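**Student:** This is the structure I want to talk about, given as structure tokens.
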């Protein structure tokens, strides 16, 4: 038996953009979104309610639909990272990576020997898989968030670490670390993001799809690979734009249907869905995805 492929990783390796949607921590809603033309599902374990008990069913729902389960963990901790992988995650997002040593720690926790020091207990992804520990290294994906100004001058060194697949520059936390709280449009913040946005060690960049300025920059640079996360309004030209609009319409429709049924069943639970088209650029918001369009849709 072969290990399940990592769809996001395959898309990036082929020089394509990848698509991730986030905002759901419910297996039933993942089923509702399963037929959407996306590559991965973002599961929020830093700012959201995902914990180890949830991950088995959440990642299993992603597996059923062939979507990569992308889990943001709460910190750069050895046990947190490898246990999240053991529970079935195919990709890990690690916040506040500020140095090469911290990037090395991500790889040590996220890769099995000889590449790292991940525990040699199998994962839910490994049951029945031949040569699991090698194929696990091939199919697991590691992403780092660049959220602090301290990381910017060290970015080249961070990205020299092998097996870091994607980096995101997170505008909100970056702006705060620069003293511009809540002002991601400040010229100094934007210049810093643009500087980090340049090609770095051949690594794909993550970008939040709802940031119009970043989307335009992405397409202006003509980058071939990257990851977008968020709710796109117009993430570019041609196929990418139409794909993103279609994903957004379908996601909002299914969210409304799921919300209606869920509230009948369990009261006032209000799941949020954010659709995103992945593009070859960089930078992602690290804060929770809040969008006026969704607020109106939920009203």
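**Student:** Against the definition (without any contact (Cβ under 8 Å) to a residue 24 or more places away in the chain and either at negative phi or in contact with a strand residue (DSSP E or B) (Cβ under 9 Å, 6 or more places away or on another chain) (or both)), how does residue 105 come out, yes or no?
**Tutor:** Values: without any contact (Cβ under 8 Å) to a residue 24 or more places away in the chain: no; either at negative phi or in contact with a strand residue (DSSP E or B) (Cβ under 9 Å, 6 or more places away or on another chain) (or both): yes.
Spelling it out, it is not the case that residue 105 is without any contact (Cβ under 8 Å) to a residue 24 or more places away in the chain and either at negative phi or in contact with a strand residue (DSSP E or B) (Cβ under 9 Å, 6 or more places away or on another chain) (or both).
So that you can scan it fast, the table gives a plain yes or no per residue for (1) out of contact with any helix residue (DSSP H, G or I) (no Cβ under 6 Å at 6 or more places or on another chain); (2) modelled with pLDDT under 95; (3) within 24 Å of residue 6 (Cα to Cα):
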| position | (1), (2), (3) |
| --- | --- |
| 169 | no, yes, yes |
| 212 | yes, yes, no |
| 215 | yes, yes, no |
| 224 | yes, yes, yes |
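**Student:** Which condition does residue 150 not pass, out of (1) in a helix (DSSP H, G or I); (2) under 19 Å from residue 202 (Cα atoms); (3) touching a residue at least 12 places away in the same chain (Cβ under 8 Å), if it passes all the others?
**Tutor:** (2)
**Student:** A further question on this structure: Scan the range 102-146 residue by residue and report those that are at pLDDT 95 or above and in a helix (DSSP H, G or I).
**Tutor:** Result: 102, 103, 104, 105, 106, 107, 108, 109, 110.
**Student:** Identify, from the list 56, 48, the residue that is out of contact with any strand residue (DSSP E or B) (no Cβ under 7 Å at 6 or more places or on another chain), assigned to a loop (DSSP other than H, G, I, E, B) and either surrounded by fewer than 18 Cβ atoms within 10 Å (Cβ to Cβ) or in contact (Cβ under 8 Å) with a residue 24 or more places away in the chain (or both).
**Tutor:** When all the criteria are applied, what remains is 48.
**Student:** Taking the condition crowded, with 24+ Cβ neighbours inside 10 Å and touching a strand residue (DSSP E or B) at 6+ places or on another chain (Cβ under 8 Å), does residue 91 pass? Write out each step before concluding.
**Tutor:** Numbers: crowded, with 24+ Cβ neighbours inside 10 Å: yes; touching a strand residue (DSSP E or B) at 6+ places or on another chain (Cβ under 8 Å): yes.
Against the criterion (crowded, with 24+ Cβ neighbours inside 10 Å and touching a strand residue (DSSP E or B) at 6+ places or on another chain (Cβ under 8 Å)), residue 91 qualifies.
**Student:** If I filter the range 198-210 down to residues being touching a helix residue (DSSP H, G or I) at 6+ places or on another chain (Cβ under 8 Å) and modelled with pLDDT of 70 or more, which single residue comes out as farthest from residue 153 (Cα to Cα)?
**Tutor:** Start the filter on the range 198-210 by keeping residues that are touching a helix residue (DSSP H, G or I) at 6+ places or on another chain (Cβ under 8 Å), which leaves 200-201, 204, 207-209.
From what is left, the residues that are modelled with pLDDT of 70 or more are 200, 204, 207-208.
Values: 200: 12, 204: 18, 207: 20, 208: 22 Å.
Only one residue fits best here, namely 208.
**Student:** Oh, and also: Return only the number of the condition from (1) surrounded by fewer than 22 Cβ atoms within 10 Å (Cβ to Cβ); (2) touching a helix residue (DSSP H, G or I) at 6+ places or on another chain (Cβ under 9 Å); (3) closer than 17 Å to residue 166 by Cα that residue 66 does not satisfy.
**Tutor:** Status for residue 66: all satisfied but (3).
**Student:** Whether any residue in the range 21-41 is in contact (Cβ under 8 Å) with a residue 60 or more places away in the chain, under 24 Å from residue 126 (Cβ atoms) and either out of contact with any strand residue (DSSP E or B) (no Cβ under 9 Å at 6 or more places or on another chain) or not in a loop (DSSP other than H, G, I, E, B) (or both) is what I want to check.
**Tutor:** no
**Student:** Quick one: count up the residues across the range 76-86 that are in a loop (DSSP other than H, G, I, E, B) and either in contact with a strand residue (DSSP E or B) (Cβ under 7 Å, 6 or more places away or on another chain) or modelled with pLDDT under 95 (or both). First the steps, then the outcome.
**Tutor:** Filtering the range 76-86 down to residues in a loop (DSSP other than H, G, I, E, B) leaves 76-77.
Imposing the further condition that a residue be either in contact with a strand residue (DSSP E or B) (Cβ under 7 Å, 6 or more places away or on another chain) or modelled with pLDDT under 95 (or both) reduces the set to 76.
The total comes to 1.
The values are calculated or read from the model by the stated rules, or taken from the named source; none is laboratory data. Just so it is clear, the model here is predicted, and its values are computed rather than measured. Neighbour counts run over all protein chains shown; Cβ positions are idealised from the backbone, glycine included.
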